[in-house]
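See below for the structure under consideration.
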Amino acid sequence: MSKKDIKIVIAAHKPYRMPEDTMYVPLHVGAEGKKNPDGTPLDLGYQKDNEGDNISAKNPYYCELTGIYYAWKNIPAEYLGLVHYRRYFKGKNKSKDPFACIVTEPEMEKIFETHRIVVPKKRKYYIETLYSHYAHTHYAEHLDCVREIIGEQCPDYLNSYDKVIKQTFGYMFNMMVMERALFDSYCAWLFAILFELEKRVGEKQPEMSAFQSRFYGRVSEIIFNVWLDYQIQSGQISQKDVKELPFIYMEKINWFRKGISFLKAKVFHKKYDSSF
């Protein structure tokens, strides 16, 4: 059996330990305009997302999506995907070193013998729907506007949209690996919606903090589930084509602070002001 050509970009904005597996492509997201103190271009030693066809300058608003766009337009692989420098899909290794536990190329090749899409394990909110959680922590009008755009650009997706936002779980983090044709289909659909959202909402509303202005990346986390649900419901793929993998963090998460912020958002409608 021939070797599968799989490339997974690692969205990063600073120097960090990287896996040695050649399947992974460390990518400096938001490289456009970044400079050293002496004025020279910042070079992390990674591929930069401001080369070729790119939207690197949108990184303050689109987050890791500038990496997905770069991969879509510039990496000619049979399978494409994205992970984060601090969050990866987990493989079978049980080592105490988290980097030894990252899914390997042979493991991913094996998965793609029987599957077409790899996603992270569902994130469960339990007492919140995807819509209510977003409304409490960010701004609901973004999702409302997205629904309007979907109704205009691809109305067949509205049933999936209305179904997904009522769920209390979803595939999050903009992490995925897919067959090339599916990746192309997803990106064309996603960026058409986001570029129109940008026209209607604007890149930065005056009342929004820099953290909240990154909402395009957060909206995409939710509507990835819309796209995926529609592919399944319309018969483009089957549920059996989708493989869920656990994910692993490279650093400890402050779950106490995260939990308190979640409850403040739920009870007092206090918007998130930073990552955890």
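The values are calculated or read from the model by the stated rules, or taken from the named source; none is laboratory data. From a predicted model like this one, the values you see are computed outputs, not experimental measurements. Cβ sites come from the backbone with ideal geometry, for glycine too, and all protein chains shown count toward neighbours. Just so you know, the surface numbers come from the protein's heavy atoms only, side chains and all, with ligands and any DNA or RNA stripped out. Shrake-Rupley method; radii C 1.70, N 1.55, O 1.52, S 1.80 Å.
Observations on the model:
- Within the stretch 162-172, if we keep just the residues that are more than 13 Å from Y134 (Cβ to Cβ) and touching a Leu at 6+ places or on another chain (Cβ under 9 Å), the residue that is most open to solvent (accessible area, probe 1.4 Å) turns out to be F169.
- If you go through the stretch 8-59 and pick out every residue that is within 25 Å of E198 (Cα to Cα), touching a His at 6+ places or on another chain (Cβ under 9 Å), of a type outside the set (D, E, K, R) and in a loop (DSSP other than H, G, I, E, B), you end up with 5.
- Qualifying residue in the stretch 173-182 (condition: open to solvent by 10 Å² or more (accessible area, probe 1.4 Å), under 23 Å from P60 (Cβ atoms) and either touching a Lys or Arg at 6+ places or on another chain (Cβ under 8 Å) or not small (G, A, S) (or both)): yes
- Some residue of the stretch 188-195 being more than 22 Å from Y69 (Cα to Cα), surrounded by 19 or more Cβ atoms within 10 Å (Cβ to Cβ) and in contact (Cβ under 8 Å) with a residue 40 or more places away in the chain: no
- Among all positions in the stretch 34-46, there is no residue which is at pLDDT 95 or above and either under 25 Å from Q239 (Cβ atoms) or touching a helix residue (DSSP H, G or I) at 6+ places or on another chain (Cβ under 7 Å) (or both).
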